[in-house]
Amino acid sequence: QVQLVESGGGLVQAGGSLRLSCAASGSIFSINAMGWYRQAPGKQRELVARITSGGSTYYADSVKVRFTISGDNAKNTVYLQMNSLKPEDTAVYYCYALIRAVLDSYGNDYWGQGTQVTVSS
């Protein structure tokens, strides 16, 4: 019923930039928040950045200043602008959203399929 489709991952040299996009579609009643997690090999999935429908943002300490999350409510889309990338940013990045579907009484977490970001040194 609800799908998240990501785009924008790839290979970049250290110091470079990438922009991730995630579009939500389907039977959406409301979106409370959208954001990005990442998981590096052998590590736990961690929250990178999140934005609420009201525009409040959260960033992990490791990405503050370098990453910027933004949203387009009209398009149900969230973006993650990643600058000054470091090799330690290499991971699979997953989009997530807290969405209330049309037939639901409350919101649920939805996840994208993941997109690989690789930063070479």
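The values are calculated or read from the model by the stated rules, or taken from the named source; none is laboratory data. These numbers come from a predicted model, not from an experiment. In this analysis, Cβ positions are derived from the backbone assuming ideal geometry, glycine residues included, and neighbour counts consider all displayed protein chains. Keep in mind that these areas ignore ligands, DNA and RNA; they rest on the heavy atoms of the full protein, side chains included. Shrake-Rupley method; radii C 1.70, N 1.55, O 1.52, S 1.80 Å.
Within this structure, TYR58 fails the test of being within 19 Å of ASP109 (Cα to Cα), touching a residue at least 12 places away in the same chain (Cβ under 8 Å), surrounded by 13 or more Cβ atoms within 10 Å (Cβ to Cβ) and under 10 Å from the mean Cα position of the chain (by Cα). Looking at this structure, is GLN13 farther than 19 Å from TYR110 by Cβ and not hydroxyl-bearing (Ser, Thr, Tyr)? Criteria met by GLN13.
The residues of region 70-118 that are hydroxyl-bearing (Ser, Thr, Tyr), modelled with pLDDT of 95 or more and in a loop (DSSP other than H, G, I, E, B), listed by number, are SER84, THR90. Look at region 79-92: where a residue is open to solvent by less than 40 Å² (accessible area, probe 1.4 Å), no partner that is modelled with pLDDT under 95 and not in a strand (DSSP E or B) sits 6+ places away or on another chain with Cβ atoms under 7 Å. Comparison of VAL48, VAL63 shows that the only residue that is in contact with a helix residue (DSSP H, G or I) (Cβ under 8 Å, 6 or more places away or on another chain), touching a residue at least 24 places away in the same chain (Cβ under 8 Å) and either over 14 Å from GLY112 (Cα atoms) or assigned to a loop (DSSP other than H, G, I, E, B) (or both) is VAL63.
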